[in-house]
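The values are calculated or read from the model by the stated rules, or taken from the named source; none is laboratory data. Small disclaimer: the values here were computed from a predicted structure and weren't measured. Methodologically, a virtual Cβ is constructed for each residue, glycine included, from the backbone with ideal geometry; neighbour enumeration extends over all protein chains shown. Quick note on the areas: whole protein, heavy atoms, side chains included, nothing else; ligands and nucleic acids left out. Shrake-Rupley method; radii C 1.70, N 1.55, O 1.52, S 1.80 Å.
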Amino acid sequence: MEAVPARVRAYVTCVALCALCCLLPLPALRTPWWAVALLAALYAVCEHVVRRRLGGTFYPVLLAGAFLLPPPAAALVPLPGALLSYVEQRPQALRRIWRAAELALAVWGAGRVHWALGGRDSVVGCDFPYALLPCAAAVLAFCGVLAVLDGGILALAERVPVRRAWRGLLSRSLAPIGAHGLAGLMMAVLWRSPFGPVAALLVLLPMCVSWWAFAQYHRERAAHQATIRALVQAVDIKDGYTRGHSERVGQASVMIARELGMDDERVEVLRFAGILHDVGKLGVPTRLLRKDGPLTPDERRIIELHPEYGHEMVRGISFLGEARAAILHHHERIDGSGYPYGLVGSQIPEPARVVAVADAFDAMTSTRSYSRARPVAAAVQELRRCAGRQFDARAVDALIRALARQGWHPAVTADDVPPDPPVPSRPRSEAQSVGRGTP
């Protein structure tokens, strides 16, 4: 996105100025410039290979710099690699400056903590296990600086609520960066040993192998996600009246899940569930999905099979987890009048209750062949009316709170909307008209 808000530019500028301030003591220090240059070049190469080929960021070289060099000199190590790194999204220059500045501050903070705890002497003297304590404190400082800065950019650029912007950032980064910290410590100790820098570089070989294996896992996950996108596109092509509906239901499901305080893993599952909730329509005849008039009872029964079709289609995708239950049960109702099994209340899996609310909300705020889009306020009022009877009241309240904070921008999903939509054969509430032809 090229149009970056002024508040984000101001935030990045302040972080960059703080990073420059960390470099001010350099002229007064006895800096081993050859070591700075070697580590910076090594990090730049690792950054290029890892980000372009494997994905992610490679921290052992940066942490080794924090353990070996004075903090201001260590802050120089990430600059060339970050400023020259590959960036896909625009504006590239601002993103590179941001990345360079936050890494410089994180390395400087780690170096200050490490030196303050006597880490330099323990590295030079190969003093184990005492060298581990300053190393652990430095890694914690490194993670803490990154978490604080990343939370700030999330709050400003992504409009994530302040109380949620920093949630989980530190805890999620401790384990992977801790492993990188141990590799960095091994590099620093070997660097100071009689074997010198060449031996230190050998530490990177097993790290690169493990990183490659980790990248293979992510490639496999990306392949699954590509399969999901293909299924969603197939549904959109078959049921043109609801094009884009799946993605919006996924978005609304995420909003509800986060408001309910679910962890990130379950939020991701809910996103998949929302995106794939109608995949079973691939097993329904196209003529029924695109029929303009009211459905006969037999036609309605055929369409009501789509949750079971969808569940069969995704049953073999193991990482979907609870999403499979949401696909099967998203048309169940709290009072037991839903389908396919007529489950009641808490018998309905929580992900299915969340997706049901998200599905109904988007159906009401989008124009279909049989109904025009309603304002968000009217859709919210209808959800309130049906809460506790058709929908889970907690999920409805969570969506309403999320909408009040983040808003919603409903889209017209029909390609060709007739000027006078046909009226259903019997009165139905808008919340009951979830999906084409489903009660």
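The set of residues in the stretch 330-360 that are within 16 Å of R271 (Cα to Cα) and either open to solvent by 20 Å² or more (accessible area, probe 1.4 Å) or among the hydrophobic types (A, V, I, L, M, F, W, C) (or both) comprises P349, E350, A352, R353, V354, V355, A356, V357, A358, A360. Of the candidates V36, V12, V77, the single residue that is in contact with a Phe, Trp or Tyr (Cβ under 9 Å, 6 or more places away or on another chain), within 20 Å of R120 (Cα to Cα) and open to solvent by less than 50 Å² (accessible area, probe 1.4 Å) is V77.
Criterion first (at negative phi, open to solvent by 10 Å² or more (accessible area, probe 1.4 Å), in contact (Cβ under 8 Å) with a residue 40 or more places away in the chain and in contact with a Ser or Thr (Cβ under 8 Å, 6 or more places away or on another chain)) does L94 satisfy it?
On the way: at negative phi: yes; open to solvent by 10 Å² or more (accessible area, probe 1.4 Å): yes; in contact (Cβ under 8 Å) with a residue 40 or more places away in the chain: yes; in contact with a Ser or Thr (Cβ under 8 Å, 6 or more places away or on another chain): no.
Spelling it out, it is not the case that L94 is at negative phi, open to solvent by 10 Å² or more (accessible area, probe 1.4 Å), in contact (Cβ under 8 Å) with a residue 40 or more places away in the chain and in contact with a Ser or Thr (Cβ under 8 Å, 6 or more places away or on another chain).
Please verify whether R389 is open to solvent by 40 Å² or more (accessible area, probe 1.4 Å), assigned to a loop (DSSP other than H, G, I, E, B) and modelled with pLDDT under 90, treating the condition exactly as stated. Answer is no for this residue.
Look through L146, L140, L174 and report the one residue that is open to solvent by 20 Å² or more (accessible area, probe 1.4 Å), modelled with pLDDT of 85 or more and either part of a helix (DSSP H, G or I) or on the phi < 0 side of the Ramachandran plot (or both).
On the way: L146 fails: open to solvent by 20 Å² or more (accessible area, probe 1.4 Å); L174 fails: modelled with pLDDT of 85 or more.
Going through L146, L140, L174 in turn, just one is open to solvent by 20 Å² or more (accessible area, probe 1.4 Å), modelled with pLDDT of 85 or more and either part of a helix (DSSP H, G or I) or on the phi < 0 side of the Ramachandran plot (or both): L140.
Within the stretch 30-58, if we keep just the residues that are at pLDDT below 85 and assigned to a loop (DSSP other than H, G, I, E, B), the residue that is farthest from L103 (Cα to Cα) turns out to be T31. Against the conditions (1) part of a helix (DSSP H, G or I); (2) modelled with pLDDT of 90 or more, R405 satisfies every one except (2).
Go through the residues of the stretch 272-280 one by one and say whether even a single one is surrounded by 14 or more Cβ atoms within 10 Å (Cβ to Cβ), at pLDDT below 90 and among the acidic types (D, E). Checking the stretch 272-280: at least one residue is surrounded by 14 or more Cβ atoms within 10 Å (Cβ to Cβ), at pLDDT below 90 and among the acidic types (D, E). Could we say that A226 is closer than 27 Å to L39 by Cβ and either modelled with pLDDT of 85 or more or open to solvent by less than 50 Å² (accessible area, probe 1.4 Å) (or both) here? Taking the combined requirement at face value, the residue does not satisfy it. Could we say that Y241 is open to solvent by 10 Å² or more (accessible area, probe 1.4 Å), at pLDDT below 75 and closer than 22 Å to F361 by Cα here? Yes, satisfied.
For the stretch 288-339, a residue qualifies if it is touching a residue at least 12 places away in the same chain (Cβ under 8 Å) and of a type in the set (K, R), and the qualifying residues are R290, K291, R300, R324, R333.
Looking at this structure, is A41 open to solvent by 30 Å² or more (accessible area, probe 1.4 Å), within 29 Å of L132 (Cα to Cα) and small (G, A, S)? Outline the logic, then answer.
On the way: open to solvent by 30 Å² or more (accessible area, probe 1.4 Å): yes; within 29 Å of L132 (Cα to Cα): yes; small (G, A, S): yes.
When the stated conditions are applied, A41 passes them.
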